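Undergrad: Here it is, the structure in full.
The values are calculated or read from the model by the stated rules, or taken from the named source; none is laboratory data. Quick caveat, the model's predicted, so the values are computed rather than measured. As a convention, Cβ positions derive from the backbone with ideal geometry for all residues, glycine included, and neighbour counts pool all protein chains shown.
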Amino acid sequence: MQDEKTLHDEQQGLPGGPAEIDTDRRKFLTKVGWGSLAGFLAINSYAFLRFFYPRVLFEPPSQFKVGFPNDYPPGTVNSQYQREFGTWIIRLQDGRFFAMESKCTHLGCTPSWLESQKKFKCPCHGSGYYISGLNFEGPAPRPMDRFKISIAEDGQLQVDKTIKFPGVPGKESNEVYPQSLLKA
Amino acid sequence: MNSLYDKVKKNLIWKSVFRRDYRDTARNRAMAIFGNVFLHLHPVRVRESAVKLRYTWGMGGITFLAFIILTITGVVLMFYYHPTVDLAYLDMKDLEFQAPYGVISRNLHRWAAHFMVIVVMIHMFRVFMTGSYKAPRQFNWGIGVILLVLTFLLSFTGYLLPWDQLGFWAITVGTNMGAATPLIGYQGPFSEFLHITPYNDIRFALLGGAQVGGNALLRSYIWHCIAIPLISVILMFVHFWRVRKDGGISRPQH
């Protein structure tokens, strides 16, 4: 105890002496130590978050072919690609095609096409849509979304889910998005 | 009889496990609490007013009891359950129809889960109505709110695991709510400005993909069985510890 006190007094007695230098070094090392830990944790936190976003998905492709135009009679809704691709291929009475996402605009359930009533009906909360995707009953806030449909080189219809035509509230998508319709 | 008693209790093995006898002295009663790892979070002495059931309703303790039942039955269920798209629903049916005591394990888990959600909310209601969130218990109220959210998340992630229509659409709807969240969801406000798509938003991280599929089932399973219970247990011990440190369990003033 006595020794420490003596040492302390001696160090205080030396202006700019080893005591101050040591304190600076200790402060510096403390900063380096805590800084390294903080950096380590920051990098790890980033890695942990990034980890939840996989690079490769084993989901169906976003562009797919759905057969030839003559396979589809006018005025029908084809639900063949609903399960795998979440898409209906619809041909209107006038022969024009469009592809619509099978996803209710309320909370994302899959509506069913009811042929006898000529409407889409969502089983979750009862939203109803006309064949064009325009909502007319239930809690749905807007018409259902459409995807780009075109003719591929081999003459088949091709759907591109990366190009989307989102339904506008209260508007008929046939009029808002003429480019979503395909004449074939 | 006495010789059997001596044989069992008066030897090195018994004495190494049980350090004390059970003579009813104040010292022994105290030692029984803080000499036991399972009881040491509990105070050695409790005021008579602290055990008045009409004040606390015992809801926090009952919530913890539900959690213990859920942990035990949950581990039991894990022995039969594969978290894969092909097997999850069938395993759930196996538990109900084929596995010995499967149906009681599953139903205990299910009912205890509903029970825990209800009881934890009543617990929060009681804490609020008795003003037990006030100083010096503000911090513990915060921990409690996090535990409430974790309880809801446990309930939500467990919902998908039977892989039936109910769970599937509940998770579809729930994660779509995530997608509609501002700044972090692709359907939410500012998503176009921040270039948030279905492939880099919060929903994608929850589902492990852009649709509810095998990855979503596996992620739900891991969150439900490992990650959230682990976080909950840590916070529960902080919660119980702070109850003691903040002056013991809340009790009537007079």
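Undergrad: Going through segment A:133-143 one residue at a time, which ones are surrounded by 14 or more Cβ atoms within 10 Å (Cβ to Cβ) and within 14 Å of chain B (Cβ to nearest Cβ)?
TA: A:P139, A:A140, A:R142
Undergrad: Could you say which residue among B:T157, B:T181 is among the hydroxyl-bearing types (S, T, Y), surrounded by fewer than 21 Cβ atoms within 10 Å (Cβ to Cβ) and farther than 30 Å from B:Q253 by Cβ?
TA: Being among the hydroxyl-bearing types (S, T, Y), surrounded by fewer than 21 Cβ atoms within 10 Å (Cβ to Cβ) and farther than 30 Å from B:Q253 by Cβ holds for just one of B:T157, B:T181, which is B:T181.
Undergrad: What number of residues in segment A:101-132 are surrounded by fewer than 17 Cβ atoms within 10 Å (Cβ to Cβ), touching a Phe, Trp or Tyr at 6+ places or on another chain (Cβ under 8 Å) and within 14 Å of chain B (Cβ to nearest Cβ)?
TA: Qualifying residue count for the region: 1.
Undergrad: Could you please let me know if B:M121 is modelled with pLDDT of 95 or more and crowded, with 18+ Cβ neighbours inside 10 Å?
TA: no
Undergrad: Turning to a different aspect of this structure: Could you tell me whether A:S79 is more than 19 Å from A:Y177 (Cβ to Cβ), touching a strand residue (DSSP E or B) at 6+ places or on another chain (Cβ under 7 Å) and within 14 Å of another protein chain (Cβ to nearest Cβ)? Walk me through how you get there before you give the answer.
TA: On the way: more than 19 Å from A:Y177 (Cβ to Cβ): yes; touching a strand residue (DSSP E or B) at 6+ places or on another chain (Cβ under 7 Å): yes; within 14 Å of another protein chain (Cβ to nearest Cβ): no.
Here the answer is no, as A:S79 does not meet what is asked.
Undergrad: Output the residue which, of all residues in segment B:129-163 that are part of a helix (DSSP H, G or I) and of a type in the set (F, W, Y), is nearest to B:L90 (Cα to Cα). Quick ask: steps written out before the conclusion?
TA: Keep residues of segment B:129-163 that are part of a helix (DSSP H, G or I), which gives B:129, B:138-160.
Okay, now just the ones that are also of a type in the set (F, W, Y), so B:139, B:141, B:152, B:156, B:159.
Details: B:F139: 45, B:W141: 42, B:F152: 26, B:F156: 21, B:Y159: 16 Å.
Once the filter is applied, the top-ranked residue is B:Y159.
Undergrad: Given the options A:Y46, A:Y72, name the one that is among the hydroxyl-bearing types (S, T, Y), surrounded by fewer than 15 Cβ atoms within 10 Å (Cβ to Cβ), at pLDDT 90 or above and out of contact with any Cys (no Cβ under 8 Å at 6 or more places or on another chain).
TA: Going through A:Y46, A:Y72 in turn, the sole match is A:Y46.
Undergrad: I need the full set of residues from segment B:221-254 which are under 30 Å from B:L161 (Cβ atoms) and either over 14 Å from the mean Cα position of the chain (by Cα) or not assigned by TED's automatic domain parsing to the domain that holds B:R137 (or both), in order please.
TA: Matches in segment B:221-254: B:Y221, B:I222.
Results for (1) closer than 23 Å to A:K161 by Cα; (2) among the small types (G, A, S), shown as yes or no for each residue.
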site	(1), (2)
B:I143	no, no
B:I146	no, no
B:F152	no, no
B:F156	no, no
B:T172	yes, no
B:P182	no, no
B:P189	yes, no
B:N200	yes, no
B:A210	yes, yes
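Table: residues versus (1) of a type outside the set (K, R); (2) part of a loop (DSSP other than H, G, I, E, B); (3) away from every other protein chain (no Cβ under 14 Å); (4) touching a residue at least 24 places away in the same chain (Cβ under 8 Å).
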residue: A:F28; (1), (2), (3), (4): yes, no, yes, no
residue: A:V32; (1), (2), (3), (4): yes, no, yes, no
residue: A:S36; (1), (2), (3), (4): yes, no, yes, no
residue: A:L41; (1), (2), (3), (4): yes, no, yes, no
residue: A:L49; (1), (2), (3), (4): yes, no, no, no
residue: A:F52; (1), (2), (3), (4): yes, yes, no, no
residue: A:V56; (1), (2), (3), (4): yes, yes, no, no
residue: A:P61; (1), (2), (3), (4): yes, yes, no, no
residue: A:F64; (1), (2), (3), (4): yes, no, yes, yes
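Undergrad: Let me ask another. Assuming B:Y133 fulfils every condition listed in (1) farther than 23 Å from B:H82 by Cα; (2) touching a residue at least 24 places away in the same chain (Cβ under 8 Å); (3) hydroxyl-bearing (S, T, Y) apart from one, which condition is it?
TA: (2)
Undergrad: Given the options B:G188, B:G209, B:G214, name the one that is small (G, A, S), more than 11 Å from every other protein chain (Cβ to nearest Cβ) and over 19 Å from A:P111 (Cα atoms).
TA: Sole residue among the options that is small (G, A, S), more than 11 Å from every other protein chain (Cβ to nearest Cβ) and over 19 Å from A:P111 (Cα atoms): B:G188.
Undergrad: Scan segment B:164-178 and tell me whether some residue there is outside any loop (DSSP other than H, G, I, E, B), away from chain A (no Cβ under 12 Å) and without any contact (Cβ under 8 Å) to a residue 12 or more places away in the chain.
TA: Initial filter on segment B:164-178 (outside any loop (DSSP other than H, G, I, E, B)): B:165-178.
Those still in the list that are away from chain A (no Cβ under 12 Å) too: B:167.
Filter again for without any contact (Cβ under 8 Å) to a residue 12 or more places away in the chain, leaving B:167.
For segment B:164-178, residues outside any loop (DSSP other than H, G, I, E, B), away from chain A (no Cβ under 12 Å) and without any contact (Cβ under 8 Å) to a residue 12 or more places away in the chain: present.
Undergrad: Can B:T197 be described as exposed (fewer than 14 other Cβ atoms within 10 Å of the Cβ) and either out of contact with any helix residue (DSSP H, G or I) (no Cβ under 8 Å at 6 or more places or on another chain) or more than 14 Å from chain A (Cβ to nearest Cβ) (or both)?
TA: Considered against the rule, which asks whether it is exposed (fewer than 14 other Cβ atoms within 10 Å of the Cβ) and either out of contact with any helix residue (DSSP H, G or I) (no Cβ under 8 Å at 6 or more places or on another chain) or more than 14 Å from chain A (Cβ to nearest Cβ) (or both), B:T197 comes out as yes.
Undergrad: Still on this structure, I have one more. I need the full set of residues from segment A:149-184 which are within 22 Å of B:T197 (Cβ to Cβ), of a type outside the set (A, V, I, L, M) and outside any loop (DSSP other than H, G, I, E, B), in order please.
TA: Scanning segment A:149-184 gives A:S150, A:Q158, A:D160, A:K161, A:T162, A:K164, A:F165, A:S173, A:Q179, A:S180.
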